[in-house]
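**Q** One structure, pasted below without further comment.
The values are calculated or read from the model by the stated rules, or taken from the named source; none is laboratory data. What you are looking at is a predicted structure, and each value in this text was computed from that prediction instead of being measured. Cβ coordinates were reconstructed from backbone atoms using ideal geometry, including for glycine residues, and neighbour counts include every protein chain displayed. When the accessible area is computed, the model is the full protein with side chains, heavy atoms only, and any ligands, DNA or RNA have been set aside. Shrake-Rupley method; radii C 1.70, N 1.55, O 1.52, S 1.80 Å.
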Amino acid sequence: MTLGAATYAFAMVRAFLLCLLLAGCADFPELGEVESPGVREAPYLDFLLADDVAALQDVDSIEIDDPLASRLARLRARAELLRGPIFTSSDRALLSGSPN
């Protein structure tokens, strides 16, 4: 290792240690301070047993809330738009260099 490379490596180690020191001095909020209102009063989720999950035959039979159904419809419509052609015929003509 040359003197320049050793100096550079030493400078990098010092910079890294300085970053660690500064990160250690950061003030991170406690988890209790960042929870949204009503979290403590929220009901527990219902968990399904493995037998109940195995008994589910058709996932589509599960009813979806209206906001989720509308979002699903929007995502499917967007996917259909993305499946379409990328370039129009005028775009292709312009890219191929032939005049209209």
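**Q** Enumerate the pairs (first residue in the range 35-54 and open to solvent by 80 Å² or more (accessible area, probe 1.4 Å); second residue anywhere and in a loop (DSSP other than H, G, I, E, B)) with beta-carbon separation below 9 Å, excluding pairs fewer than 6 apart on the same chain, so at least 6 apart or on different chains.
**A** What qualifies is L48/L56.
**Q** For residues that are under 25 Å from the mean Cα position of the chain (by Cα) and among the aliphatic types (A, V, I, L, M), scanning just the range 24-41, find the one that is modelled with the highest pLDDT.
**A** Residue satisfying both the conditions and the ranking: V39.
**Q** Among the numbered criteria (1) surrounded by 10 or more Cβ atoms within 10 Å (Cβ to Cβ); (2) under 28 Å from the mean Cα position of the chain (by Cα); (3) at pLDDT 75 or above; (4) in a loop (DSSP other than H, G, I, E, B), which one does I64 miss?
**A** Of the numbered conditions (1) surrounded by 10 or more Cβ atoms within 10 Å (Cβ to Cβ); (2) under 28 Å from the mean Cα position of the chain (by Cα); (3) at pLDDT 75 or above; (4) in a loop (DSSP other than H, G, I, E, B), the odd one out for I64 is (3).
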